[in-house]
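Just below is one structure, and these are the notes that go with it.
Please treat every number below as a calculation from the coordinates, not as lab data. Keep in mind that this is a model prediction, so the values were computed, not measured. Don't worry about glycine lacking a Cβ; one is built from the backbone with ideal geometry, like all the others, and counts go over all protein chains shown.
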Amino acid sequence: MIVVKNLCKDYGNIHAVNNVNFCISKGEIVSLLGPNGAGKTTLMRLITGYIEATSGEVRIFDKDIKTSRIECLQRIGYVPESGFLYNEMRVFDFLHYAAQLRNMNNTDFQENLQQVIYNLDLKEVINQKIETLSKGFKRRVGIASALIHNPDILILDEPTEGLDPNQKVSLRQYLKNYGRNKIIIISTHIMEEVEAMAGRVILLNHGKLVKDTSPEELKKLFPEHNIETAFYKITNEVN
Amino acid sequence: MGRQMFNIVKKETYSCFEGVQAWVVLSVYIFISMFLTFFIGGFFSIDNTGLFSFFCFQPYLMSFLVPALTMRLWAEERKNGTLEFLLTQPISLFSIIMGKFFSAWFICLCMFLLSTPLWIYLNIYFEADNMSILSGYFACLLISGCFCALGCLISSFCSSPAVSYLWSLIVFFSISVSDFSELIKSLHLPLTLENKLSNMLSLNSHYYDLMNGQIGWDNIMFFVLLMIAGLWLNVAAVEYKKN
């Protein structure tokens, strides 16, 4: 369970995240929506403990990310927006390194490795250097590194960016299955992704949480009955 | 902590040796240090039982070689965007910093190991003061450890390895050459205190003391404290920069 309470993050005079409150339970796939600069990435960085909050708290399965950072991170898999791979490494070595940093034993690693290779279709590139991979494969390697320890919470920033339509469909299906008994938070700008995967939408604008509802309810808010229009109208109304 | 730190050491050392970086540093080190020892230091013309002509150039050599090892430790993580990956793993920042520090220090150890044939040569063909030589190597290890810690710190402030190299070079040369005498003179202290303070703060003075076999606690503590300060400030710098 993730509990975010009165969370604020300021950069000088800018309120990147402004008094955000929500709670996410096991089995929920939550989509973080918002225009550029709304505070989505900052919020994800706060949840993963990468940056410290100005005030407020984040609790991961009843543990404060600030005081029990390592314990919390053991249960989180995080895929930042882009470019977080060690390009000089081979795919296998990178995944092995990610597992080692998580103190995984070799048996668990081998078991999970086979699963992520199969689920993310990485078999053909497993011994290739990351720098030689296409954008789509790099994205999948990134997701694999976050899944290697079978985390309870998966946080993904624009996960389908760079994937071809087939890969997008299969990744969405995989994540939907994975999210049945885990928590998934996805930041995205692709509305079809929200409809295809998320059971809940958290809409941010100027660092504030402006809507926390289901995609169906979001659609119903306006006569056009689509998320894109709802997104546009809500974010501009607030403006 | 230990196992995860070891994994960082392994990864950093492996990436250094997989590319050209470590090989270039090792080759340049052995070539220049031998050149300095034999041609500038006058290996055959002075009393060299303690390998003085080899050890006396080490602080200057370290000043421009250690930055090549430490420049990428944080700057490259920041440049490539891998910092976010590393800092969201369930491992303490201190372990990451220690891992990076030990990987750079390990390559320094490899550098010194490459020079050991000189020691063997001295033992076979001449007379060697082995205790003095051991003490010299110990001084080299300490000074390189200090430079590794400070290099890590400087790298954590930079977004480009080249900038990190230049800053480290400037800082290391400054502290190798300077004994802060001008600064101390400006304090208008009694002469004896002035000299004492100058010796206390001079990296070279502690290094030469160790090199000459004076393994006193003050000399060892100077280097150890400098290392601890560098590493501690590194933790603070990374925390500060990411927020």
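The three principal axes of the Cα atoms in the protein assembly as shown give end-to-end lengths of 94, 57, 33 Å, sorted in falling order. Dipole magnitude for the protein assembly as shown: computed about the Cα centre from +1 point charges on Lys and Arg Cβ and -1 point charges on Asp and Glu Cβ, it is near 1020 debye. Each 5 Å bin from zero up to the one holding the largest Cα-Cα distance in chain A carries the following percent of pairs: 1, 6, 14, 18, 19, 17, 12, 8, 4, 1, 0.
For a quick check: sort A:161, B:84 by the number of other beta carbons within 10 angstrom, fewest at the front.
Details: A:161 15, B:84 22.
Fewest-to-most Cβ neighbours within 10 Å comes out as A:161, B:84.
Of all the options A:66, A:123, A:138, the one that moves most in a Gaussian network model of chain A with Cα springs shorter than 10 angstrom is A:123.
Quick check on chain B: take the gyration tensor over C-alpha atoms, sort the square-rooted eigenvalues as a ≥ b ≥ c, and tell me if it's rounded (a/c under 1.5), prolate or oblate. In terms of gyration-tensor shape, oblate.
Express the relative contact order of region B:117-243 as a whole percentage, based on alpha carbon pairs under 8 Å and six or more residues apart in sequence. Numbers along the way, then the final one.
Numbers: 101 pairs, mean separation 48.9, N = 127.
Rounded, it is 39 percent for region B:117-243.
The angle separating the long axis of helix B:191-201 from the principal Cα axis of greatest extent in chain B is about 50 degrees.
For the segment A:46-54, counting C-beta atoms of other chains within 10 Å of every residue's C-beta and taking the mean gives 3.
In a reduced charge model with +1 at each Lys and Arg Cβ and -1 at each Asp and Glu Cβ, region B:1-135 shows a dipole moment near 480 debye about its Cα centre. Mind telling me which of B:110, B:152, B:56 comes out most flexible in a GNM of chain B, alpha-carbon contacts under 10 Å? Per the Cα network of chain B with a 10 Å cutoff, B:110 tops the list.
Of all aspartates and glutamates in the structure, the ones whose alpha carbon falls short of 18 Å from that of residue A:219, not counting any fewer than 8 places away in one chain, are A:192, A:193, A:195, A:228, A:237.
Between helix B:116-125 and chain B there is an angle of about 20 degrees, using the helix long axis and the longest principal axis of the Cα atoms. Shown for B:119, B:23, B:74: other C-beta atoms within 10 Å of each C-beta, ranked fewest to most, produce the order B:23, B:119, B:74. Counting only aspartates and glutamates at least 8 places from residue A:63 when in the same chain, those with an alpha carbon closer than 13 Å to its own are A:71. For chain A, set up a GNM with springs between Cα atoms under 10 Å and report which of A:106, A:150, A:205 has the largest fluctuation. Maximum among the listed residues: A:106. Sorted fewest first by neighbouring Cβ atoms within 10 angstrom, A:203, A:33 come out as A:203, A:33.
Take the alpha-carbon centre of region A:140-166, take the same for region A:16-93, and report the distance between them in whole Å. The two parts, judged by their Cα centres, are 14 Å apart. Annotation note: GluC sites (Glu not before Pro) in region A:188-227 located in DSSP loop regions with a Cβ neighbour count of at most 16 within 10 Å are A:224. The alpha-carbon of residue A:40 sits under 13 angstrom from the alpha-carbons of these aspartates and glutamates, leaving out residues fewer than 8 places away in its chain: A:81, A:157, A:158.
Quick check on my link table: of A:123/A:211; A:176/A:233; A:138/B:100; A:123/B:242; A:26/A:208, which ones sit more than 30 Å apart, alpha carbon to alpha carbon? Working shown, then result.
Values: A:123/A:211 41 Å; A:176/A:233 28 Å; A:138/B:100 25 Å; A:123/B:242 35 Å; A:26/A:208 24 Å.
As for pairs spanning more than 30 Å Cα to Cα, those are A:123/A:211; A:123/B:242.
Calculated mean residue ellipticity at 222 nm for chain A: -11000 deg cm²/dmol, from DSSP H runs with n ≥ 4 weighted as -39500 (n - 2.57), summed, divided by the residue count and rounded to 500.
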